[in-house]
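Please read the structure below before turning to the comments.
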Amino acid sequence: MRSLSANDIIRIWETGRNQRPPDRALTILSADHPEATRDQLADLTIGQRDECLLTLREKTFGSILKGFAECPKCTEHLEFTVSTSDLRILKEPGFVAKEKLLELTAENIKLKFRLPNSRDLSTVVSCESVQSAHSLIVQRCVLEATADGKPITAEKLPIEVINKLVERMAECEPQAEILLDLQCPACSHKWQMIFDTATFVWKEISVRAKRLLREVHILASAYKWRETDILSMSPIRRKYYLDMVT
């Protein structure tokens with residue numbers, strides 16, 4: 001796996017800025033895996049997708065991530081640092097999508113299900129509540145359901161069964177929901193925050209793309225160079241020229 005080039009970063013930002021979050025994640029992975037179709041990338045489970053994004057982030061920006069959070073108790077803003085190794089839970093490469101049928105028995109109901117993928121996330125983006133999103137994911141991912149040996153539809157599953165299925169999905173794929181333990185330096189309040197890998201990587205790419213475009217503007221204005229030539233320079237050469245101009 002290679003790191004993203006300056007041209008890659010700008011193309012990803014240009015394509016993804018008007019896309020929904022699940023589609024942005026696939027756009028990022030498409031740049032890193034040009035040999036794969038978008039359908040193949042969409043078949044990855046969310047945990048597999050996020051593991052790939054973490055690896056790409058590490059290759060492109062390094063292993064240390066800096067983030068910001070707001071204390072839910074006193075609203076103090078704090079900065080936190082975490083490494084990709086701390087966030088990575090999967091122990092094997094996640095690029096190859098695996099169709100894995102899983103089973104769960106709850107409340108005398110037997111389920112056969114699969115783990116959610118990017119297509120599933122795209123369908124729940126517009127859901128108005130977490131519960132409605134869970135219900136829709138269940139309808140898509142439950143492949144077979146029987147109550148006392150008789151088939152039932154996913155829509156008729158009791159809420160207790162849905163909640164247990166959601167818990168089971170999280171247990172089967174911990175990479176899909178990473179929780180960070182944080183403590184406020186002002187009031188010492190402790191809480192957990194969900195780390196959204198895809199959103200974090202997208203924000204970093206967006207910030208880097210805008211910075212690259214500013215650098216292109218400065219160097220093109222000063223030297224009349226083409227954008228392609230400027231972006232093809234190594235970061236060290238580009239910074240050297242920027243230092244002389246500014």
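Brief remarks on what is shown
- Sites Leu213 and Arg2, calculated FRET efficiency, Cβ-Cβ separation with R0 25 Å, nearest 0.05: 0.70
- Considering only Pro185, Pro22, Pro158, the Gaussian network model of the chain with Cα springs below 10 Å gives its largest mean-square fluctuation to Pro185.
- The mean sequence distance of close C-alpha pairs (under 8 Å, at least 6 residues apart), as a share of the length of the range 102-176, puts its relative contact order at 34 percent.
- Comparing Asp229, Asp32, Asp196 in a Gaussian network model of the chain (Cα springs below 10 Å), the most mobile by mean-square fluctuation is Asp229.
- Here the calculated FRET efficiency for Leu242 and Lys59, from their Cβ-Cβ distance with R0 = 25 Å, stands at 0.55, rounded to the nearest 0.05.
- Between Tyr223 and Gln183, the FRET efficiency from the beta-carbon distance, with R0 = 41 Å, is close to 0.25.
- Calculated mean residue ellipticity, 222 nm, the chain: -15500 deg cm²/dmol, from DSSP H runs (n ≥ 4) at -39500 (n - 2.57) each, averaged per residue and rounded to 500.
- Extension gain (nm, one decimal) between Ala170 and Glu14, 0.36 nm per residue minus Cα-Cα: 52.9 nm
- Along each principal axis, taking the top coordinate minus the bottom one, the Cα set of the range 173-229 gives 53, 34, 10 Å in descending order.
- Relative contact order for the chain: 21 percent, from Cα pairs under 8 Å spaced at least 6 residues apart, divided by residue count.
- All Cα-Cα distances of the range 126-246, cut into 5 Å bins from zero to the largest, leave 2, 8, 11, 12, 9, 8, 8, 8, 9, 9, 6, 4, 3, 2, 1, 0 percent in each bin in turn.
- Eigen-decomposition of the gyration tensor built on the alpha-carbon atoms of the range 20-63 gives equivalent ellipsoid semi-axes of 17, 11, 10 angstrom, largest listed first.
- Cα-centred dipole magnitude for the range 102-176, charges only on beta-carbon of K, R (+1) and D, E (-1), debye, nearest 20: 220 debye
- Of the two radii for the range 102-176, the radius of gyration is 0.95 times the Kirkwood radius, both from the alpha carbons; that is the Rg over Rh value.
- Percent of alpha-carbon pairs separated by more than 22 Å within the chain: 63 percent
Read-outs throughout are calculated quantities, based only on the coordinates presented, and are distinct from any laboratory measurement. Everything numeric in this text was worked out from a predicted model, so none of it was measured. Neighbour counts run over all protein chains shown; Cβ positions are idealised from the backbone, glycine included.
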